[in-house]
Amino acid sequence: MNATSAAVAGAVTFVWLGMVLGISFLEAPLKFRAPGVTIPVGLGIGRLVFRALNAVETVLAVVVAAAVALGGALVRVGVLTAVVGALLVTQLAVVRPRLNRRSDRVLAGEELPRSRSHLWYVALEVLKAGTLIALGAFLLTA
């Protein structure tokens, strides 16, 4: 892989990883522990934050994919890029719509049990973070 493409893809991958770690694993759980933050307020904040995160992630995924495609990447880098992209698409196209429908109901005043879709989203975030770590490590050595 050429050095410029590897550097761009690596930098963007680690920025993406930092955003996922900071928002999904730090901000999201902590907001519900803040004094005065109710479930509806936390859900409203979460929807805004994750909508913004997912929009930025989409742009970052396109940049990484383009750098990898243009840089003549090794097969393992291409595979990891495809895997992280597929994880993001699954979150956006399958899990997020379910979470949005559920949060609409909670924000409308319904009392609902904890969501299994939320657990799927978290599991995909863990897989995505691990894939980004591996992708970034391979790009550093490319």
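What the table below lists for this structure:
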| item | result |
| --- | --- |
| Where Leu60 falls short, out of the listed (1) modelled with pLDDT under 95; (2) of a type outside the set (Gly, Ala, Ser); (3) in a helix (DSSP H, G or I) | (1) |
| Any hit, region 23-39, residues being modelled with pLDDT of 95 or more, within 24 Å of Val95 (Cα to Cα) and open to solvent by 70 Å² or more (accessible area, probe 1.4 Å) | yes |
| Evaluation of Leu74 against (1) under 19 Å from the mean Cα position of the chain (by Cα); (2) touching a residue at least 12 places away in the same chain (Cβ under 8 Å); (3) open to solvent by 60 Å² or more (accessible area, probe 1.4 Å) (one fails), failing number | (1) |
| Which numbered condition Leu87 misses (of (1) in contact with a Ser or Thr (Cβ under 8 Å, 6 or more places away or on another chain); (2) under 29 Å from Pro113 (Cβ atoms); (3) open to solvent by 30 Å² or more (accessible area, probe 1.4 Å)) | (3) |
| Selected residue (criterion: nearest to the chain's Cα centre (by Cα)) from residues of region 5-56 that are assigned to a loop (DSSP other than H, G, I, E, B) and within 24 Å of Arg102 (Cβ to Cβ) | Phe32 |
| Residue match in region 106-113 (condition: surrounded by fewer than 16 Cβ atoms within 10 Å (Cβ to Cβ), modelled with pLDDT of 95 or more and out of contact with any Asp or Glu (no Cβ under 6 Å at 6 or more places or on another chain)) | no |
| Close pairs (7 angstrom Cβ cut-off, 6 or more residues apart or separate chains): part of a helix (DSSP H, G or I) in region 121-135, open to solvent by 20 Å² or more (accessible area, probe 1.4 Å) and at pLDDT below 95 anywhere | Tyr121/Leu99 |
| Matching residues in region 72-110 - criterion: being within 21 Å of Thr4 (Cα to Cα) and of a type in the set (Ser, Thr, Tyr) | Thr81 |
| For Arg96: the one exception among (1) open to solvent by 80 Å² or more (accessible area, probe 1.4 Å); (2) among the charged types (D, E, K, R); (3) part of a helix (DSSP H, G or I) | (1) |
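The values are calculated or read from the model by the stated rules, or taken from the named source; none is laboratory data. Since the model is a prediction, treat every value here as computed from it, not as a measurement. As a convention, Cβ positions derive from the backbone with ideal geometry for all residues, glycine included, and neighbour counts pool all protein chains shown. The area values use the complete protein model at the heavy-atom level, side chains included, leaving out ligands, DNA and RNA. Shrake-Rupley method; radii C 1.70, N 1.55, O 1.52, S 1.80 Å.
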